C-alpha cells in the first residue's frame, strides 16, 4: 500500500513504529515532513504537503501514543 499525505492515521502509526523514542509533541515540521517522506511506503508529491497536513499527522501521532 502506497501512502499519500492524506493517509494521516496510517502515517502516524508508521511514524510511531519507526521512531518510538520520539515525543511527537516536540517534533518540528521540517523533521516530521522528512520522516514521512522517508517511510518506505510513502509515495506522494512533497509539494502537496502543507502545515495543516503536518498538524494533522502530528496530532494523530500524539493520539496514537495515548
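Only the coordinates and a few stated rules stand behind these numbers; no lab work does. Since the model is a prediction, treat every value here as computed from it, not as a measurement. Positions of Cβ are backbone-derived with ideal geometry, glycine not excepted, and every protein chain shown enters the neighbour counts.
Compared with the alpha-carbon gap, the fully stretched path from residue 29 to residue 6 is longer by 6.7 nm at 0.36 nm per residue.
Every Cα-Cα pair in the chain was counted, and those over 21 Å apart are 10% of them. In the chain, helices alone account for a calculated mean residue ellipticity at 222 nm of -17000 deg cm²/dmol, with every DSSP H run of four or more residues adding -39,500 (n - 2.57).
Highest mean first, the peptides 28-38, 3-13 sorted by other C-beta atoms within 10 Å per residue fall in the order 3-13, 28-38.
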